[in-house]
Amino acid sequence: HGANAFACGTGQVTSTGTQGVALGRGTVSGAYGIAGASGTASGYCSVAFGEGSVASNTCATALGGKTTASGSCSFAAGDYGAQSEIDTGAVKPTEAKGLSCAAMGRYCVAGTAPGAIGAIATGWGCEAPYGGSLACGTLNNTDGFDGATDTTIPRLLVGTGHNSSMTRETGLLVMGDGKVYVKGIGGYDGTNFGAAGVQSLQEVIASLIP
């Protein structure tokens with residue numbers, strides 16, 4: 001329906017965006033968007049391929065099963081996983097929410113904090129809420145960072161959680177001020193950042209130097 005738009009496939013195939021391309025049950029409403037396999041490209045120059053994938057912002061790309069790229073220039077790719085696991089509340093469908101954020105894998109979410117830019121989450125159940133943060137591995141823990149400043153937000157979170165029990169922990173944590181926390185050192189157990197008595201790796205090393 002859009003000017004110079006193209007639609008091809010069976011079932012619901014709609015291309016209402018200017019020069020949009022919709023294939024195989026895809027829906028395009030954003031100008032110059034491309035969608036296929038029941039994906040929805042509603043953002044300008046957005047791309048959505050995969051069952052239920054949604055690219056809703058400018059130059060956003062969503063690939064795979066029910067992934068969402070809602071941030072401008074964001075990228076989301078992965079599979080939906082199991083509804084029963086999502087229903088526990090421990091994980092969420094893969095989404096890249098902030099500007100230039102990327103989420104890749106199963107249940108990975110990036111850029112949920114206000115104004116987040118350039119966050120990356122990859123792996124299984126990983127969350128990178130803050131701008132410039134990278135979360136990887138399995139089910140990293142993000143507790144204790146509410147109201148974090150530029151120097152104290154987490155920059156690297158290596159998840160060592162357990163998907164069998166849906167428990168979260170971060171085995172290696174690097175903060176914006178450079179402090180490093182390692183599970184099993186300085187009283188840090190992968191979940192208790194900010195707790196009384198927990199020491200960074202630098203503090204532990206300093207205490208050992210005469």
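The values are calculated or read from the model by the stated rules, or taken from the named source; none is laboratory data. All of these numbers come straight from a predicted model, not from anything done at the bench. A quick note on method: Cβ atoms are made from the backbone with ideal geometry, for glycine too, and the neighbour counts reach across all protein chains shown. The area values use the complete protein model at the heavy-atom level, side chains included, leaving out ligands, DNA and RNA. Shrake-Rupley method; radii C 1.70, N 1.55, O 1.52, S 1.80 Å.
Below are the figures for this structure:
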{"read-out": "Among (1) open to solvent by 40 Å² or more (accessible area, probe 1.4 Å); (2) modelled with pLDDT of 90 or more, the one test that Asp146 misses", "value": "(2)"}
{"read-out": "Selected residue (only one of Ala31, Ala3 is surrounded by fewer than 20 Cβ atoms within 10 Å (Cβ to Cβ), part of a loop (DSSP other than H, G, I, E, B) and at pLDDT 75 or above)", "value": "Ala31"}
{"read-out": "Evaluation of Lys66 against (1) out of contact with any strand residue (DSSP E or B) (no Cβ under 7 Å at 6 or more places or on another chain); (2) open to solvent by 50 Å² or more (accessible area, probe 1.4 Å); (3) modelled with pLDDT under 90 (one fails), failing number", "value": "(3)"}
{"read-out": "Members of the range 157-179 that are of a type in the set (A, V, I, L, M, F, W, C) and surrounded by fewer than 17 Cβ atoms within 10 Å (Cβ to Cβ)", "value": "Met166"}
{"read-out": "Residue under evaluation Cys59, criteria (1) under 17 Å from Gly98 (Cα atoms); (2) assigned to a loop (DSSP other than H, G, I, E, B); (3) in contact (Cβ under 8 Å) with a residue 24 or more places away in the chain, criterion not met", "value": "(3)"}
{"read-out": "Sole residue being in contact with a strand residue (DSSP E or B) (Cβ under 9 Å, 6 or more places away or on another chain), β-branched (Val, Ile, Thr) and modelled with pLDDT under 95, chosen from Val109, Val91", "value": "Val91"}
{"read-out": "Residue list for the range 97-133, restricted to those being under 9 Å from the mean Cα position of the chain (by Cα) and of a type in the set (Ser, Thr, Tyr)", "value": "Tyr107, Thr112, Thr122"}
{"read-out": "Pair list, Cβ under 6 Å, 6 or more apart: the range 164-185 residue touching a residue at least 60 places away in the same chain (Cβ under 8 Å) and over 18 Å from Asp150 (Cβ atoms), other residue surrounded by 13 or more Cβ atoms within 10 Å (Cβ to Cβ) and of a type outside the set (Gly, Ala, Ser)", "value": "Arg168/Leu139; Arg168/Asn141"}
{"read-out": "Selected residue (only one of Ser53, Ser72, Ser46 is without any contact (Cβ under 8 Å) to a residue 60 or more places away in the chain, open to solvent by 30 Å² or more (accessible area, probe 1.4 Å) and of a type in the set (Gly, Ala, Ser))", "value": "Ser72"}
{"read-out": "Residue that is least open to solvent (accessible area, probe 1.4 Å), among those in the range 81-95 that are small (Gly, Ala, Ser) and within 20 Å of Asp143 (Cα to Cα)", "value": "Ala90"}
{"read-out": "Residue list for the range 165-183, restricted to those being β-branched (Val, Ile, Thr) and within 19 Å of the chain's Cα centre (by Cα)", "value": "Thr167, Thr170, Val174"}
